[in-house]
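To keep things clear, I will list the structure first and then write my remarks on it.
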Amino acid sequence: MAIPWLAVLKVVPWKEVISNAPAVADGAKKLWSTVGRKPAGQAAAFEKTEVQPPSDNEVIATLQARLAAVETAAADLHSQMLASSELIKTLAEQNTQLIKRVEANRLRVVWLGATTVVVGIIAILGVFLAAAR
């Protein structure tokens, strides 16, 4: 069973949606500026593992390889986070534009409905006046 669109539009708290849209866009912009400024490499805590290598050179080489892998993973995660933040910013801006357009369309529908009622009343009066002659 289809839900009448007018009923759906009446249920939505448009004033709250419109008043919160700029805050959502500002929050996305702040997130983007915060994420964009942070450095890619940050320290991470790892569990200690006991390794019993035969020499110090092998330990250093293993640790350097693990460190390089962790740095690469951190850089990848940072770039993914930047891309996600940019996407969130774009979606928030699009959401703001969409809400503005929906509100404009809602106002148009209200005006068209009022105009239709007025024209209907005038038409009915015209029919009665024509029938009275």
Just one of the numbered conditions (1) within 12 Å of the chain's Cα centre (by Cα); (2) at pLDDT below 80 is not true of ALA92; which one? (2)
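Within the bounds of region 110-124, is there any residue that is out of contact with any strand residue (DSSP E or B) (no Cβ under 7 Å at 6 or more places or on another chain) and within 20 Å of SER19 (Cβ to Cβ)?
Yes: one or more hits.
Find the residue count for region 99-125, including only residues that are among the hydrophobic types (A, V, I, L, M, F, W, C) and surrounded by 12 or more Cβ atoms within 10 Å (Cβ to Cβ).
Narrowing region 99-125 to residues among the hydrophobic types (A, V, I, L, M, F, W, C): 99, 102, 104, 107, 109-112, 114, 117-119, 121-125.
Okay, now just the ones that are also surrounded by 12 or more Cβ atoms within 10 Å (Cβ to Cβ), so 99, 102, 109.
Number satisfying all stated conditions: 3.
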If we scan region 81-88, do we find a residue that is among the acidic types (Asp, Glu) and either surrounded by 14 or more Cβ atoms within 10 Å (Cβ to Cβ) or under 21 Å from LYS29 (Cα atoms) (or both)? yes
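The values are calculated or read from the model by the stated rules, or taken from the named source; none is laboratory data. Everything numeric here is computed off the predicted structure, so don't read it as measured data. With ideal geometry, Cβ positions are generated from the backbone for all residues, glycine too; neighbour counts draw on all protein chains shown.
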